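Visitor: Encoded as structure tokens, here's the structure I'll be asking about.
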Amino acid sequence: MTSPTTMGKLTFDAVSPGVGLKAALAQPAAAVLDRIAASGLRGRGGAGFPTSVKWSMAAEADEADKYVVCNADEGEPGTFKDRVILSEFADLVFEGMTIAARVIAARKGIVYLRAEYSYLRRHLESALASRREEGLLGKRIGGKEGFDFDIEIHMGSGSYVCGEETALIESLEGHRGEPRNRPPFPIDTGYLGHPTIVNNVETFAWVVCILEKGAEWFKSHGTVKSTGHKLFSVSGDCSRPGVYEFPMGITVAELLEEVGGQGAKAVQVGGASGQCVPASQSDRTIAYEDVPTGGSIIIFGPKRDMLEVARNFLEFFVDESCGQCTPCREGVPKLLEGVQMLQQGACSMAYLKELCSLGETMRLASKCGLGQSAPNAFVSIARDFQDEILGRTGFGRRNGSDG
Amino acid sequence: MLLTERERLREELIALADQFGRQRSSLMPILQEVERRHFRISEYCMQVIADLLDLHPVEVHSVVSFYSFLDESPRGQFVIRLCRTITCEMAGKDHVARQLENDLGITFGQTTPDGKFTLQWANCLGMCDQGPALLVNDQIFTRVTPERVHGILQECRQTFGVHAVAGAKER
């Protein structure tokens, strides 16, 4: 597969597939749900919605056709932990999906795999085939009468916004990946109008760990509101980039120490849609209640030009905005234009404030998470790096240096 | 297009519709397969697929134009997608891009006259710890340097006829 990029031991290394599913089959579905609720597990894709709440709402829906969807459309800049999980721990993901199917009484699972990871498909198909042979997928799973569930892989076609759950469902149904209005939520009106849960790759893997090791074990790590461990994809200016497992609530400074990124000027937590944390705030914690992340950590060394960072992220959003709603479609190019003005040293303070207020409008008025979070990086750089971005002379250069 | 060619294509699309099922949710898998075989999805294909799935052709076109891995105009046998996202940029993707343009004689968004290569930008390929990264069809190359570009292209040229390199191999 891919070259090993995991740094240090992961919990997933020591979890053997089969045990979690056995535990889930040995107790009623409600008890499994209670256990996940007790662990406090929240969605590992970044939004942090409590997994047990999503699952219990889907479980309550009274319909014959329900779906379990695994969101493997990992497109957030700086995130690659799902690639590693799918390469090395695919069994845990499929097992987590099977447990989810047991909890909500679904018969069909779908992995939405991004086109950029199509080289993983063969490996995933063979993992599915061996699970079918072992009776862990298909009819009467684990010998349990009436528990039928199978998983198929559906390929994406290169679209970041399809990582948004309703856009993902639209794409599965054969439409453009344009997010839907919510409510109704996928848990009652999802794939083909049926109750559907959409969870991140990592979330499913943690469910298996919780069933094997217990909710108490999971809860004993992390913070009160953000329990457990999480995988982080670390890249940028550090000596040891790769995938790490850290407890939630780790501070930015501690993380930098672990990965060899000391002396960084700023850390982008949560990818292009996340926040840029300057060195002066490195005591902030990475958790849902402070700086949340789906796992992306990008480190910027002292020599990096933060305007270039903002430009790169905004070009990304210009490209990936679905164009459906006005604040996002029109706002993102306007912010990018602002960055270009700053690079030319042609942006007044009044206009910069105007742009930040446009960012606020986008945050409030955009239809989906993409538009709501697209201005984040720009706004935090405009706020925390004013000494660096204002009054530039020459094209894209700071006074007397090449930036 | 010759009438016989059209008929052959039509039969091929009917077979695909039967394989994946004639419902809307089969649209993406059908389009992906057409793209893989023919390096494009022509207007004629969109029309036939629309008829088979009982959709308006505009619906099919709206899907094809939305996704970056689906092409209306012909692309090359090998699509080279260079990651332009932040960490690959920090790792020096601009130099790789320049060398790709030099060695192929085209700029980003273009296809070589012999129909072999198309050069495109990609957004985050998920190889941020090993950048700069590029995809050639479904094969990933990491830590690409300008010096390695020539070798990668040569390797593609030598595998003519086989456009999709099966399996995941990393160099």
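Visitor: Test B:E72 against the stated conditions and say whether it is within 14 Å of another protein chain (Cβ to nearest Cβ) and either crowded, with 19+ Cβ neighbours inside 10 Å or closer than 20 Å to A:E170 by Cα (or both).
Guide: Values: within 14 Å of another protein chain (Cβ to nearest Cβ): yes; either crowded, with 19+ Cβ neighbours inside 10 Å or closer than 20 Å to A:E170 by Cα (or both): no.
No; evaluated as a whole, the condition is false for this residue.
Visitor: Residues in segment B:17-59 that are over 22 Å from A:R114 (Cβ atoms), crowded, with 16+ Cβ neighbours inside 10 Å and within 12 Å of another protein chain (Cβ to nearest Cβ): how many?
Guide: 5
Visitor: A further question follows. Go through (1) closer than 22 Å to A:N312 by Cβ; (2) surrounded by 16 or more Cβ atoms within 10 Å (Cβ to Cβ) for B:L153 and report which single condition fails.
Guide: Single failed check for B:L153: (1).
Visitor: Something else about it: Being hydrophobic (A, V, I, L, M, F, W, C), surrounded by 15 or more Cβ atoms within 10 Å (Cβ to Cβ) and within 26 Å of A:F80 (Cβ to Cβ) is the filter here, so list the residues in segment A:111-140 that pass it.
Guide: Across segment A:111-140, the qualifying residues are A:V111, A:L113, A:A115, A:L120, A:L124, A:A127, A:L128.
Visitor: Would you call A:D34 at pLDDT 95 or above and part of a loop (DSSP other than H, G, I, E, B)? If you could, list the steps in order and put the result at the bottom.
Guide: On the way: at pLDDT 95 or above: yes; part of a loop (DSSP other than H, G, I, E, B): no.
Against the criterion (at pLDDT 95 or above and part of a loop (DSSP other than H, G, I, E, B)), A:D34 does not qualify.
Visitor: Given A:A47, A:A72, A:A61, A:A90, which one is farther than 30 Å from A:G260 by Cα, touching a residue at least 12 places away in the same chain (Cβ under 8 Å) and assigned by TED's automatic domain parsing to the domain that holds A:S159?
Guide: Numbers: A:A47 fails: farther than 30 Å from A:G260 by Cα; A:A72 fails: farther than 30 Å from A:G260 by Cα; A:A90 fails: farther than 30 Å from A:G260 by Cα.
Only one candidate qualifies: A:A61.
Visitor: Report yes if B:I80 is over 18 Å from the mean Cα position of the chain (by Cα), at pLDDT 95 or above and buried (at least 18 other Cβ atoms within 10 Å of the Cβ), otherwise no.
Guide: Numbers: over 18 Å from the mean Cα position of the chain (by Cα): no; at pLDDT 95 or above: yes; buried (at least 18 other Cβ atoms within 10 Å of the Cβ): yes.
Answer is no for this residue.
Visitor: With the checklist (1) within 20 Å of A:C368 (Cα to Cα); (2) out of contact with any Asp or Glu (no Cβ under 8 Å at 6 or more places or on another chain); (3) at pLDDT 95 or above; (4) not in a helix (DSSP H, G or I) in hand, flag the one item A:E178 doesn't pass.
Guide: Status for A:E178: all satisfied but (2).
Visitor: Name, by its number, the condition in (1) within 14 Å of chain B (Cβ to nearest Cβ); (2) crowded, with 22+ Cβ neighbours inside 10 Å that does not hold for A:I104.
Guide: Answer for A:I104: the failing condition is (1).
Visitor: May I ask you to verify whether B:Q110 is more than 14 Å from every other protein chain (Cβ to nearest Cβ) and modelled with pLDDT under 95?
Guide: On the way: more than 14 Å from every other protein chain (Cβ to nearest Cβ): yes; modelled with pLDDT under 95: no.
Judged against the criteria, B:Q110 is not a match.
Visitor: Continuing with this model, one more query. Tell me which of these B:R98 doesn't satisfy, since it passes every other one: (1) closer than 24 Å to B:T159 by Cβ; (2) more than 9 Å from every other protein chain (Cβ to nearest Cβ).
Guide: With (1) closer than 24 Å to B:T159 by Cβ; (2) more than 9 Å from every other protein chain (Cβ to nearest Cβ) applied to B:R98, the lone miss is (1).
Visitor: Go through segment B:23-49 and count every residue that is farther than 22 Å from A:Q324 by Cβ and of a type in the set (A, V, I, L, M). If you could, list the steps in order and put the result at the bottom.
Guide: Step one: filter segment B:23-49 for residues farther than 22 Å from A:Q324 by Cβ, giving B:23, B:26, B:29-30, B:32-45, B:47-49.
When the remaining residues are screened for being of a type in the set (A, V, I, L, M), the result is B:30, B:34, B:41, B:48-49.
Of the residues in that region, 5 qualify.
The values are calculated or read from the model by the stated rules, or taken from the named source; none is laboratory data. Since this is a predicted model, take the numbers as computed values, not measurements. Cβ atoms come from the backbone with ideal geometry, glycine included; neighbour counts cover every protein chain shown.
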